[in-house]
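The values are calculated or read from the model by the stated rules, or taken from the named source; none is laboratory data. From a predicted model like this one, the values you see are computed outputs, not experimental measurements. So basically every Cβ, Gly included, is an ideal-geometry build from the backbone, and we count neighbours across all protein chains shown. In case anyone asks, the SASA skips ligands and DNA or RNA and just uses the protein heavy atoms, side chains included. Shrake-Rupley method; radii C 1.70, N 1.55, O 1.52, S 1.80 Å.
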Amino acid sequence: MSVRVGVIGAGSMGAGHARMLNGQIAGCEVAAVTDADAGRARGLGDQLRGARVLPDGVSLVRDARVDAVVVASPDPTHYPLVMECLRAGKPVLCEKPLGTTSAECLEVVEAEIKLGRRLVQVGFMRRFDPGYEAMKAAVDDRRLGAPLFLHCIHRNAVAASYTTSDMIILNTAVHELDAARFLLGEEFVDATVRAGRATSAAPDRRPQFLVLETASGVIVDIEAFVDAQYGYDVRAELVCEKGAMSLGQTSPVHSYASGSSGHALHPDWIGRFDDAYRRELQAWVNSIATPGKPVGASAWDGYASTKTAEKCLESYRSQRPVRVDVGGRPSFYDGAQAMS
Ligand code: ISE
């Protein structure tokens, strides 16, 4: 059976997902697309074999010829559309964040538990990146002993002009918050955030430096800087009792020219995590075909990462350490990939 996917949002993320689903992912077809900008939706629909262009997200979710939904529309639309998918009983892969507040995310968790079926996957694509997967395997089999520190760097070359200091925590560093939860298999208990001075390229926002501690005492630090100019640069080094491990380079060649040597960087996350997006979509489609085996970040993960990011924001504002308590994960989410 081919899963008939509806894609909501025809911006760079939605269009990217739709094109991958259309040609590179087995077991599915793009049945419908929609976007608040009808012209943009038509433009995307024209590139995809057999995809209908529907007027809005709600009609796409309710459409009888759509089996599963990808939500890649603007952040404030995520929560209502995911709730609509739960009402329709359809699997949904929602781009992060699951909601704009942890309260919204918790409502999704509660609605999913009430429904009694795992239908929500959150698009934290790094869980499907081979580098993070290898690190997780090393943590899980303890080949390097217990983890002690996780050092993370998240630099964007450029950011949209409307990006604020708050968004650097809620929208950018939240990837590391989820990746750390995924790697370490535990929640955070404490967060301290210091904002650096603004860069002349973006005087209205401040690079952020987050230091968190997990329940077992692993220290995680995250530099989140969205105006780095030179390229998209994501790094992570895990220091354990008997060794350390860091993400490898993403370019296939190392070049030597004009007195320097190095590897090329991607301009943004779309290229850097291309492989992770493809693997994420394939795993999602496979999980729909074999229900009962959910993959990737769950609604609980969407909630816990947003709740932790909100606590980091509190620390940024107060410039004080803040306790983090996301509460106990409901047993409904046992066996989820993050906390196996
Ligand atoms: C963006 O929304 C993403 O999800 C990217 O992965 C991240 O690098 C960027 O900072 C965010 O704005």
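General observations
- Of all residues in segment 169-184 being touching a strand residue (DSSP E or B) at 6+ places or on another chain (Cβ under 8 Å), near the ligand (Cβ under 9 Å from one of its atoms) and open to solvent by 10 Å² or more (accessible area, probe 1.4 Å), the one that is farthest from Asp227 (Cα to Cα): His175
- Some residue of segment 323-334 being on the phi > 0 side of the Ramachandran plot, surrounded by fewer than 22 Cβ atoms within 10 Å (Cβ to Cβ) and touching a helix residue (DSSP H, G or I) at 6+ places or on another chain (Cβ under 9 Å): yes
- Scan of segment 185-228 for residues that are touching a Lys or Arg at 6+ places or on another chain (Cβ under 9 Å), without any contact (Cβ under 8 Å) to a residue 40 or more places away in the chain and open to solvent by 10 Å² or more (accessible area, probe 1.4 Å), ordered by number: Gly196, Arg197, Ala198, Thr199, Pro207, Phe209, Val211
- Matching option when the condition is within 21 Å of Val139 (Cβ to Cβ) and among the hydroxyl-bearing types (Ser, Thr, Tyr), among Thr214, Thr199, Thr192, Thr172: Thr214
- Subset of segment 119-131 [over 19 Å from His78 (Cα atoms) and surrounded by 21 or more Cβ atoms within 10 Å (Cβ to Cβ)]: Arg126, Arg127, Phe128, Asp129
- Search result, residues across segment 52-67 that are without any contact (Cβ under 8 Å) to a residue 40 or more places away in the chain, surrounded by 14 or more Cβ atoms within 10 Å (Cβ to Cβ) and within 19 Å of Ser2 (Cβ to Cβ): Arg52
- Residue that is surrounded by 18 or more Cβ atoms within 10 Å (Cβ to Cβ) and in contact (Cβ under 8 Å) with a residue 40 or more places away in the chain, where the choices are Ala304, Ala289: Ala304
- If you filter segment 80-110 down to residues that are hydroxyl-bearing (Ser, Thr, Tyr) and surrounded by fewer than 19 Cβ atoms within 10 Å (Cβ to Cβ), you find that the one that is nearest to the ligand (Cβ to nearest atom) is Thr100.
- The sole residue among Gln249, Gln282 that is away from the ligand (no atom under 16 Å from the Cβ) and under 29 Å from Ala68 (Cβ atoms) is Gln282.
- Residue-level check: of (1) under 18 Å from the mean Cα position of the chain (by Cα); (2) within 12 Å of the ligand (Cβ to nearest atom); (3) of a type outside the set (Gly, Ala, Ser), Gln208 misses just (1).
- Across segment 322-334, the number of residues qualifying as within 16 Å of Val120 (Cβ to Cβ), in contact (Cβ under 8 Å) with a residue 12 or more places away in the chain and in a loop (DSSP other than H, G, I, E, B) comes to 2.
- Between Tyr277, Tyr232, Tyr256, the distinction of being free of Cβ contacts under 8 Å to residues at least 12 places away in the same chain and of a type in the set (Phe, Trp, Tyr) belongs to Tyr256 only.
- Tally of residues being under 22 Å from Gly271 (Cβ atoms) and surrounded by 22 or more Cβ atoms within 10 Å (Cβ to Cβ) across segment 16-51: 6
- Options Val193, Val234; residue that is among the β-branched types (Val, Ile, Thr), within 14 Å of the ligand (Cβ to nearest atom) and assigned by TED's automatic domain parsing to the domain that holds Lys311: Val234
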